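These notes concern the structure reproduced below.
Values in this text are rule-based calculations from the coordinates and carry no lab data. Keep in mind it's a predicted model, so treat the numbers as computed, not measured. With ideal geometry, Cβ positions are generated from the backbone for all residues, glycine too; neighbour counts draw on all protein chains shown.
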Amino acid sequence: MVKAKSTGGKLPAIPPSQCLDTRQAIEAMAMSSGRRLLNAPVAHVSVLAAYAGALIAAGALFSVLLSAGIETQGPRRLLEGLGFSAGFFFVILSQCALFTEINVVMPVTLLHFSVPTMLAKAARFWTVAFAANLAGALAVGYLVATVQHYPPEIASRLEEIVSAKMAYREIGGVIGWLHAVWSGMLANWLVGLAALFATMGRTVVDKFIPVFLAVSVFVAANFQHSPANMAYFSLAEAAGIGPGWSAALAWNILPAALGNILGGFLLVVLPFWICFGSKHSAMNEGKEDFPHV
């Protein structure tokens, strides 16, 4: 009979965690990503943001190519999500500056450091990132339309995607605009979680799985993500099948951007900051009173 090995009354060693916990991820966002981007020169931010817009446009193109010609809703939406998540994941790995990702990183950084002078830097950063994301997407859209010639079903699928994103114009008025804002909030709830979960991961695979899942949900649900829509509209306009930039900006990209900012702060940053990030949070208050096990 084999006897169990005695541990001397001590609990067995706990294996190291395979990922950062939420508190550590929030701190990593503020101390690394947020501070790095806030202190970067405008020229560097512009390049990083334009590159992010280009990568997102590549993901948007991939989503169209994968989902074209598939009639069944489930597989089509899944492939569309897989294609787009590639672009978002490239942004995560390259540490480029995507408008919606920084809607989580910037508020976390501002709350962490509590320095009023950072507000002006953050506002400048948001503005530059938005404009440069659009510039990067426009460049890719133009290049794709110039050098590539796809079958008609590709253009048809792109037109379907863009038409669905312009549904708020059909509703019209304040209600239609607010619906686009609320959809943008839902989109950046999921994209913000994707950014947070990717920060938790320690390997490329650890980072990709939550990104793929979260991004696939918002893509399948047709929630409005402003950089994604910049990409889809850039591809469509360059191909001559878009609604026009004035309509796209007024009825989708701008209200979606507002919703993305609100969603990132209210639905991701604020709840987790209250519970894990604040010095007076429930997770930090009195933590020394608990015994270590």
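Once you order the gyration tensor axes a ≥ b ≥ c over the Cα atoms, which shape class does the range 141-277 get: rounded for a/c under 1.5, otherwise prolate or oblate by comparing a/b with b/c? Oblate.
Taking the C-alpha atoms only, the angle from helix 73-94 to the longest principal axis of the chain is near 70 degrees. Straightening the chain between residue 150 and residue 245 buys 31.9 nm, computed as 0.36 nm per residue apart minus the Cα-Cα spacing.
In terms of its Cα atoms, the range 54-203 spans 53, 43, 31 Å along the principal axes, sorted from long to short. The long axis of helix 42-67 is offset from the longest Cα principal axis of the chain by roughly 70 degrees.
Considering the chain at the alpha-carbon level, its Rg and Dmax are found to be 21.3, 80 Å. Inter-part distance, the range 106-163 to the range 215-251, computed on C-alpha centroids, equals 10 Å. The length gained on full extension between residue 31 and residue 142, counted as 0.36 nm times the residue separation minus their Cα-Cα distance, comes to 36.2 nm. Residue exposure proxy: 213, 61, 82, ordered by other Cβ atoms within 10 angstrom of their Cβ from fewest to most, comes out as 213, 82, 61. Charge tally for residue 242 (other residues, Cβ to Cβ under 15 Å; Lys, Arg +1; Asp, Glu -1): 0.
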